[in-house]
Amino acid sequence: MSQPTTLSIRRPDDWHVHLRDGPMLAACAVHTARQFARGIIMPNLVPPVTKVAEAADYRDRIRRAIPAGLTFEPLMTCYLTDSADAAELVRGKREGVWVAAKLYPAHATTNSAHGVTSIDQIASALEAMETAGMPLLVHGEVTDPEVDIFDREAVFLDKVLAPLLQRHQGLKVVLEHITTRDGVQFVEAHPDRLGGTITPHHLSYNRNAIFKGGIRPHFYCLPIAKREEHRLALRRAATSGHPAFFLGTDTAPHTADTKECACGCAGVFNAPVAMQVYAQVFMEESALDKLEAFASLNGPRFYGLPANEERITLRAQPLEAPERIEVPGGNKNVVVFQPDTPVGWSF
Ligand code: NCD
Ligand code: ZN
């Protein structure tokens, strides 16, 4: 079957994005705004975004970082800590600042030291969110060092998320950046109240890529890529058209020096190539007709927002992307993600 030479879809949104702050924000925001109309902004700054006023200020800084001529709407999230304040959550939602709140289990990933140590600690916050109709976004990994790193998502579903859903029956939850077949099946089992986001990189490579020919830090992120069977389950879920699965890049920039060292940071910077890589995956799965649902329709539906009216066009041409982007003022740069396999889409 001949492939199309262009692909036009409604403008997509990114339902999981790290834009950082300061010079990194200045360097990165444009790349997300070129592709996406809206983004769910992760709150794991240092210190984390826990107050309505901090989120409103951060939103202003993001808006100022978007170059003229691009439109991008930051959708802000509250970072939940053990002392999460139910009243602050509800107020931020009512004032149109917060769209959702983010649960990082303490020490699960980058800048999660202030995260939640036990779900019991945030029960009243979760009850308030349930009543206010505010989704909970979950980094779904247990942090127990006894649990193998490749099992931490599956164990989290069983030990933490299942009881949480049982206890808070009206809460809407997004299982972020799913990396396993277990994650796919868990979302499918609760289609009325669960969403699952899937990154371009977890669709593109399995855990072998991290070690191909030596340690490759730019393929290291959390949750870590799993076995091939899990990648295939993610590809089936993303390309299925199932409304619970939607786009979240988890673009997570770190300067090259902080990844290429003895204890490198977790995170893949994919913003400049995200839609091109997703289109490649959907083409390989003969599912280009499902890309718009995944990228542009299912997310807004979950969040109760309108789909975007504008459109974007991808061209069936070899990927053109910079190898690195410069971070202003400090001679630092961020390596841009590229899969090992060819990407035949440009944007
Ligand atoms: C993210 C980051 O760098 O902030 N890193 C990552 O590997 N994905 C945090 C996160 O989403 O886990
Ligand atoms: Zn993330």
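The values are calculated or read from the model by the stated rules, or taken from the named source; none is laboratory data. The structure displayed is predicted, hence computed values, not measured ones. Using ideal geometry, Cβ is built from the backbone for each residue, glycine included, and neighbour counts are taken over all protein chains shown. Just so you know, the surface numbers come from the protein's heavy atoms only, side chains and all, with ligands and any DNA or RNA stripped out. Shrake-Rupley method; radii C 1.70, N 1.55, O 1.52, S 1.80 Å.
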Separation of alpha-carbon centers, the range 87-150 and the range 1-43, rounded to whole Å
24
Give me the lysines in straight-line cross-link reach of K290: C-alpha distance below 30 Å, same-chain residues under 8 apart excluded.
K102, K172, K226
Share, in percent, of DSSP beta bridges within the chain that are antiparallel, nearest 5
30
Go ahead and run the numbers for FRET between A316 and R216, Cβ-Cβ distance against an R0 of 41 Å, rounding to 0.05.
0.90
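Going by average Cβ neighbours within 10 Å, how do the peptides 133-143, 269-279, 203-213 rank, with the highest at the top? Could you put the intermediate results ahead of the total?
Values: 133-143: 22.5, 269-279: 27.1, 203-213: 16.0.
Averaged packing, sorted descending, gives the order 269-279, 133-143, 203-213.
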Net charge dipole size for the chain [Lys, Arg +1 and Asp, Glu -1 on Cβ; Debye, nearest 20]
660
Assign one of three labels to the chain, namely rounded, prolate or oblate, based on the Cα gyration tensor with a ≥ b ≥ c the square roots of its eigenvalues; rounded applies when a/c is under 1.5, prolate when it is not and a/b is larger than b/c, and oblate otherwise.
rounded
Can you tell which of K159, K332, K259 shows the greatest fluctuation in a Gaussian network model of the chain with Cα springs below 10 Å?
K159
Report relative contact order for the chain in percent, whole number only (criteria: Cα-Cα under 8 Å, sequence separation at least 6).
19
What helix-only [θ] at 222 nm does the chain give? Using -39500 (n - 2.57) per DSSP H run of at least 4, over all residues, to the nearest 500, the answer is -8500 deg cm²/dmol
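Using 1/(1 + (r/R0)^6) with R0 = 22 angstrom and r between the beta carbons of Q166 and R236, what's the FRET efficiency to the nearest 0.05? Walk me through the numbers on the way to the answer.
On the way: r = 27 Å, r/R0 = 1.24.
With R0 = 22 Å, the Cβ-Cβ based efficiency is 0.20.
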Efficiency by 1/(1 + (r/R0)^6): what FRET value for C261 and T71, r their Cβ-Cβ distance, R0 = 41 Å, to the nearest 0.05?
0.65
C-alpha center-to-center spacing [the range 302-324, the range 232-249] in angstrom
16
Suppose all protein chains stay in the model; what accessible area per residue would a 1.4 Å probe give for the chain, in Å²?
40
Cα gyration tensor shape of the range 142-249, rounded if a/c is under 1.5, else prolate or oblate by comparing a/b with b/c:
oblate
Residue by residue through the range 27-38, what is 3J(HN,Hα) from phi via Karplus (6.51 cos²θ - 1.76 cosθ + 1.60, θ = phi - 60°)? Round to whole Hz and write x for glycine and proline.
7, 9, 4, 4, 5, 6, 5, 5, 9, 10, 7, 9
Take peptides 244-254, 282-292 and line them up by average Cβ neighbours within 10 Å, highest first, as a rough protection proxy.
244-254, 282-292
Output ³J(HN,Hα) for the range 131-138: one whole-Hz value per residue in order, computed from phi by the Karplus curve 6.51 cos²θ - 1.76 cosθ + 1.60 with θ = phi - 60°, and x for Gly and Pro.
5, 7, x, 10, x, 9, 9, 10
